[in-house]
Amino acid sequence: MNPPASRRPALFDALTLLLALTAYFALTLYQLHLPGLYYDEAWDAVATMHLVQGTPVELERGAHLMLGSRALPLMLDDYQGIISTYMLVPFFLLGGINVTMIRLFPILSGAIALVLCFFLARAWWGRPTARIAVLLFAVAPSWIFWSRLGVYVVAQVVPLTLGALLAYTHWWRGRPRRAGYLWLGSFLLGLGLATKLLYVWPIGALATCWFALRRQPSAVSRQVVDGVNEAADNMHHGARFTFHASRYTVLVWLIALACFTAGAFPFLVYNWQTHGTWLKIRSNIRASDDAGVNSTTVLPNLWEEVDRFRVLLDGGYFWFQGLPDHPGAANQVYKDPPAAAAFVLAALSLLAVAVCRLPSAVSTNQPPTTRPVSRFPFHTSWLVLISTLALLGVAYWQPTSKSRLLIAAGLLAVILAAGAAGRRLWAALRAPAVGGRQPAALLLTLTVASGVTWFLTGSRDPAAHGPFDLRVTDLTGILFWLSLAGLLLLLGWSRPATPWQRPLVASIGYLAAVLVQSFPTLSGLWPTHLLVMLPLPQITIAAALVGLGGWGLRIADCGLRIAETVDQRSAVEDGNSALRTQNSEFAGLRAALALTLVATLLGSALWTDYRYHRDLSQTRGLYAFSDGIYALARYLNKAPDQPVVVAEWGIRRQLEILSQGRLNPPEIFQFGGDDATTLAAFDSALEGTLPMRGARYLFTAGVIGPYRRFPEFVRVLARHGLEPIKVHTDYMGTGEPIYEVYQVQPATP
């Protein structure tokens, strides 16, 4: 029996979600123990283990809250939150302290993200977009393989962000009666901040989107009063209270602030006690500890972040899983190129159609007071285009030049182009219903031209010393970000010409705002930090495919203009009728093309997933991700009471988890390079361990590992008449040694 027509959409939704979740679980749970447990992945879990076992937890800067006799940690370090640690507790209680539970937690949170992705895409773009988006997201290589190691990359911030976006969407559309959604979204944002410091990016992005979309008719104050009085009637048996709308609004936002504070409570209390985050930021304002990135070189860092966004989309990051092409070659990295290309084309297509659908002032019979805001001087566009072409030409000719003459000329071109485009933008914003198509088209042209030039000619600049140490290519980046901001502001503040104009601004605006904020770092400019951008790229791609297939976006002809007279309206209706006839003739072709593209994107992503899994079964994880850590833990656990000393980064935390706390070796490698101060600290720490009878010293083999203290280890032993003897070696799946265990003996004559 066929289901009623009213139930079919819900049935299709459920089947699509089931298919997406099935594919996701199949790809994430397969060979779950591979690659090996990673150092940072075990970081959160070590604190969880101590909480579950009732043993003391290591407290960063001594900050804690007391619960009875237990000291509860507030942060793992100055920028890594503690939420993942507490969320792991029920998994360890139910399934034991092991790698399966560590990875099952982010995989399940990733499944929640899939469900939230569907509902967010449906709320913004409709059911067809939601169905395609959740399928694309479910098989995206970056999401699959980062979900498996999700504690390491804090993948759980993705469902927190999606939940906040969905809650704010329901609140925005149902104001003022849906204040509960505002409070829920605020709590989730606070929880995200307590999870990791970089969550300030989604918070800033949401604030940016609110600014870009806020110039819309708001709820009538009378509705606020009616809503409050209705609630009062229900609560007090008919007694009416009169509230001023302003008082109610203040109360709503105060509660929202309280909810945010509740979510961010561990982060806020930690910084109240220690000021640790501020101290970390201040000490890393120029160069980060981990990668030496200069956070003040804005444009080169932004270029690198855009490139890292491409890596996030195509999945070309998992070097620790792929086999080399031939002996001695670099590890194979597999990519899903259609994903990045599809996002760029989807975003540009939707922006172009949105621009074409904006109103254009075609009537010359307008009152004189409105004519100046809808008629623009023709020469302004030429000024913008000539200035831009000159700058782009120089960028292709001398992209890395720092010549003062070229920089001065380029800045002048940027000022001319931005000033002229800004003039047209300002005029359009004064009367967005009268004419916005021409300035929006101009801004879109600037965005595309400068963006393509910047991406093709840009690069990192390790020699840059600050934000004003610019190259010619950096000027094209400035023009790109200014033009994109102006375009999104115009689309956001204009009266919506399509039902999806505002979701488009929210999607592209959120992604752009996250990227803009990502140039400073306390560690490195890595794709893992941009995980908070998912799955908006997949949702954007799905929306464009739905528009192409004619399944819900109802994209009309860009050439049709607003009708100002009866004759014009008649002409437009005739044009629409002809367009509908023409579209119906090509409806099947468009749908077939869209379905082909959907299948191509899904197939490319699945092929990338398959190749990574195929290689992973042979490499079993490489270097710090090697499953050799399991063999090392088994070897050391045979004599857990025999002293162990870790002389290289990337070993200790995994051993703590894999031994369930029986092994808790000291780390003596010392962060830093080969300078005299660092080596002296290493020597002192090493000499303090020499009296340990039968101590086992752990190193990574050869030149593997960031600190490589083995030569210094040998020199220190020689000063004491000792020498190392290798007693155990573990290997990677490729056959190369990864972990070596040494003991100390008197030097042979």
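The values are calculated or read from the model by the stated rules, or taken from the named source; none is laboratory data. Just so you know, these numbers come straight off a predicted model, no measurement behind them. For neighbour counting, all protein chains shown are included, and Cβ atoms are generated from backbone atoms with ideal geometry for every residue, glycine included. Accessible surface areas use protein heavy atoms only, side chains included; no ligands, DNA or RNA. Shrake-Rupley method; radii C 1.70, N 1.55, O 1.52, S 1.80 Å.
Data overview
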quantity: Unit charges at the beta carbon, dipole of the chain: most positive-side option, Ala440, Ile83, Ala339; calculated: Ala440
quantity: About the Cα centre, charge dipole magnitude for the chain (Lys/Arg +1, Asp/Glu -1 at Cβ), debye; calculated: 2380 debye
quantity: Extension gain (nm, one decimal) between Ser684 and Val727, 0.36 nm per residue minus Cα-Cα; calculated: 13.1 nm
quantity: Among Leu120, Leu722, Gly150 the positive-end extreme of the charge dipole of the chain (Cβ point charges); calculated: Leu120
quantity: Protein accessible area in the chain, 1.4 Å probe - carbon and sulfur %; calculated: 64 percent
quantity: Helix-only [θ]222 nm of the chain, DSSP H runs n ≥ 4, -39500 (n - 2.57) each, per residue, nearest 500; calculated: -20500 deg cm²/dmol
quantity: Between helix 472-493 and the chain: long-axis angle, C-alpha atoms, 0 to 90°, nearest 10; calculated: 50 degrees
quantity: 18 Å Cα-Cα reach of Lys726 towards lysines, excluding residues that sit fewer than 8 places from it in its own chain; calculated: Lys638
quantity: Calculated FRET value between Gln618 and Leu29, using beta carbons and R₀ = 22 Å, to 0.05; calculated: 0.70
quantity: Cβ-Cβ FRET estimate between Val250 and Leu456, R0 fixed at 60 Å, reported to 0.05; calculated: 0.75
quantity: Nitroxide proxy distance, nm - points 7 Å out along Cα→Cβ at Asp641 and Ala258; calculated: 5.7 nm
quantity: Under 16 Å from Lys280, Cα to Cα: lysines that are on another chain or at least 8 residues apart; calculated: Lys196
quantity: Options Gly694, Leu663, Leu429, ranked by Cα towards positive dipole end of the chain, top entry (Cβ charges); calculated: Leu429
quantity: Principal semi-axes in Å for the chain [√(5λ), Cα gyration tensor, largest first]; calculated: 51, 31, 27
quantity: Relative contact order of the chain, defined on C-alpha pairs under 8 angstrom at six or more residues apart (%); calculated: 17 percent
